[in-house]
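Undergrad: Take this structure first; my questions come after.
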Amino acid sequence: MTPESTTRQREIVVIATLTTLVGAGLYFYLVLIGGWLVPLMLGVVTLLFLFGAAHYLLWGRALEVRTQQQLRRETPKPRRAGYPTISLDRDVPEINPGTASENGTTPQTP
């Protein structure tokens, strides 16, 4: 092992240990202040988190993948440079500049 990886592992162990000790101390402090209401609230929050995680794993991920596939299918491919863009989605009336204007009146000749 390199000295850098050993140092990194030591940092991770120290961080995990300090987080656990501070979390346990805070938990017991809240139990002393709030009685058994704190563990009950933490239990409810934990159950809600587990329910949300299970919901995502069962349905959310599948819906996310399906939506990404639909978006990939519907996204138009980029056009190559130099080619005109032609829209075939709608009928556009042709306007002959010599016979009619945009508002439907005939142009007047001077």
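The values are calculated or read from the model by the stated rules, or taken from the named source; none is laboratory data. Please read all numbers here as calculations on a predicted model, not as lab measurements. We place every Cβ from the backbone using ideal geometry, glycine too, and count neighbours over all the protein chains shown.
Undergrad: Looking at the range 22-34, I want the residues that are at negative phi and have a partner that is assigned to a helix (DSSP H, G or I) and of a type in the set (Val, Ile, Thr) with Cβ atoms under 9 Å, at least 6 apart or on another chain. Which pairs are those?
TA: Once the first residue is at negative phi and sits in the range 22-34, its partners that are assigned to a helix (DSSP H, G or I) and of a type in the set (Val, Ile, Thr) give Tyr27/Val38; Leu30/Val38; Val31/Val38.
Undergrad: Go through the range 58-91 and report how many residues are at pLDDT 80 or above and part of a loop (DSSP other than H, G, I, E, B).
TA: Count: 0.
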